[in-house]
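Asks: Questions regarding the structure given below will be posed in turn.
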Amino acid sequence: MTRPWLSIRVQIALGAVFVAAAIPKILDPPAFAHMIYNYRLVPGGLVNALALVMPWIELLAGLALVLGVWRREAALVAGALLVVFLGAIGWNLLRGHGIDCGCFDVRSAGKSRDEQLADMRWVLLRDVGLLVLAGQVLAATSPRAAISSRLSRG
Amino acid sequence: MVRASNVGRVVALLVLAGAGAAISNFAASSDRKLAWVGSYPRALQVEPAGSPAMAEAAPPALQRKQPPVQAPATPATSSASSSAVGSPATPPAAPPAVPPAADTAGLARAFPPHPDKPAVEIAPADVERLYRGKALFLDARRSSVYAEGHIAGARSLPVWESDIDARVKGLYEEGLDQKAPIVVYCSGGTCEDSHMLAEKLYMVGFDNVLIYKDGFPDWQKRALPSSKGANP
């Protein structure tokens, strides 16, 4: 589970996903603000600040994972973001409010409410998978894993 | 287990993210800039499926606490006269010419003001009548989308771009008749941009904002006059 050959691939894959998700949001903050607004979970005064800062958090966490810098902290941040995304999408699914995820594309997809709700279920599954990846990186970078690795080398 | 060093690095990452956001927003073009604090009164409201986005009465956050200061009352006539009366010490940039209203009295009777609510949705047939009567049309979509095609003569007030409040203020300072009908539109369907723009206009005292709910796609379907580019 925490073998180096697996961990490095997982962290690069997770990092690449976060970088890919961040770029369109950084390039078009007003569109991403509109996406956040559509979730109807963020107070009006915070929508814009979140739209500006969150993509940069995603980008830096993703880059850190890809480059192998501050891996544990980057995985913590990525995991926290994923928990927030799961909560936001899950809550909207529960209350039947269809939205475009805005995860990788900030343009409106022009889908019907039922199509949006179906997409949201897939997004939930995907984000659970990504959370598992973040968990793997956290496990691989834990102090116990580091000790175990040193012992096995020594 | 999370250690202090981990927390420190997470905080550093968040601070760097904030700095990155500030720099990128500063460097962004005007249509990609975002104000750090927006105003979205309905940000926590979820409309039931199928219900109109605009409530019958203005929600508490939108109720005007005091009557707005009436801008110099000039009818929507030529731009030369509207800019000469009550012009401010530092005159704003000359707005696009507003064509003379051909049927002001008729439109005023058919579409009376509604100061109790931000806007009223109107049917496409009414939109055409207002267009022929030379009412002011405002496009709430992004400026890039506006440039790709808009109702001919409509002005762009992109509600999601950072200078929207300045543009609304500029419109107010033109001294237009705040009881004359103004038509706002966006992309139709579930698009709420027109409603958001209507609320901003209502807050500065425009009492007769009408929403063309089906928006520009419906206008195009009816083969009515449209233009491209950044100007009306």
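Asks: Hey, got the average number of other protein chain Cβ atoms within 10 angstrom for residues in A:40-50?
Replies: For peptide A:40-50, the averaged partner shielding equals 5.
Asks: Would you tally the net charge around residue B:40, using a Cβ to Cβ cut-off of less than 12 Å, leaving residue B:40 out, and scoring K and R as +1, D and E as -1?
Replies: Neighbourhood net charge equals 0.
Asks: Can you compute the modelled spin-label distance between residue A:132 and residue B:179, with each label point 7 Å from Cα toward Cβ, in nm?
Replies: About 6.7 nm separates the two model spin labels.
Asks: Now a separate question. Taking a spot 7 Å from the Cα of residue A:108 along the direction of its beta carbon, which residues of the stretch B:131-146 have an amide N less than 20 Å from it?
Replies: B:137-146
Asks: Once both axes come from the Cα atoms, what is the angle between helix A:71-94 and the longest principal axis of chain A, in degrees from 0 to 90, rounded to 10?
Replies: With both axes taken from Cα atoms, the answer is about 30 degrees.
Asks: Further question: Could you tell me the calculated FRET efficiency between residue A:20 and residue B:148, based on Cβ-Cβ distance and R0 = 30 angstrom, to the nearest 0.05?
Replies: After rounding, the FRET efficiency stands at 0.70.
Asks: On a 25 Å Cα-Cα criterion, which of the cross-link pairs B:179/B:200; A:25/B:221; B:134/B:228; B:33/B:228 come out too long?
Replies: In this structure, A:25/B:221 lie more than 25 Å apart at Cα.
Asks: Determine, from the Cβ-Cβ distance of residue B:114 and residue B:169 and an R0 of 22 Å, the FRET efficiency 1/(1 + (r/R0)^6), rounded to the nearest 0.05.
Replies: 0.50
Asks: Can I ask one more? For peptide A:26-38, how many partner chain Cβ atoms fall within 10 Å of a residue's Cβ, on average?
Replies: Across the residues of A:26-38, the mean count of other-chain Cβ atoms within 10 Å is 6.
Asks: If you take every residue apart from residue B:26 with its C-beta less than 12 Å away from the C-beta of residue B:26, what net charge results, scoring Lys and Arg +1 and Asp and Glu -1?
Replies: Charge balance near residue B:26 sits at +2.
Asks: Quick one: net charge around residue B:144, please, counting Lys, Arg +1 and Asp, Glu -1 for every other residue with C-beta under 10 Å from its C-beta.
Replies: Net local charge, residue B:144 excluded: -1.
Asks: Choose one answer from A:74, A:33, A:118: the residue with the largest mean-square fluctuation in a GNM of chain A with alpha-carbon springs under 10 Å.
Replies: Maximum fluctuation in the GNM of chain A, among the listed residues, is at A:118.
Asks: Let me ask you something else. In nm, give the distance between the simple-model label positions of residue A:83 and residue B:12, each being 7 Å from the Cα along the Cα-to-Cβ direction.
Replies: Each label point lies 7 Å from its Cα, and together they span 2.3 nm.
Only the coordinates and a few stated rules stand behind these numbers; no lab work does. This one's a predicted model, so the numbers in the text were calculated from it and none came from an experiment. All Cβ positions, glycine included, derive from the backbone under ideal geometry; neighbour counts span all protein chains shown.
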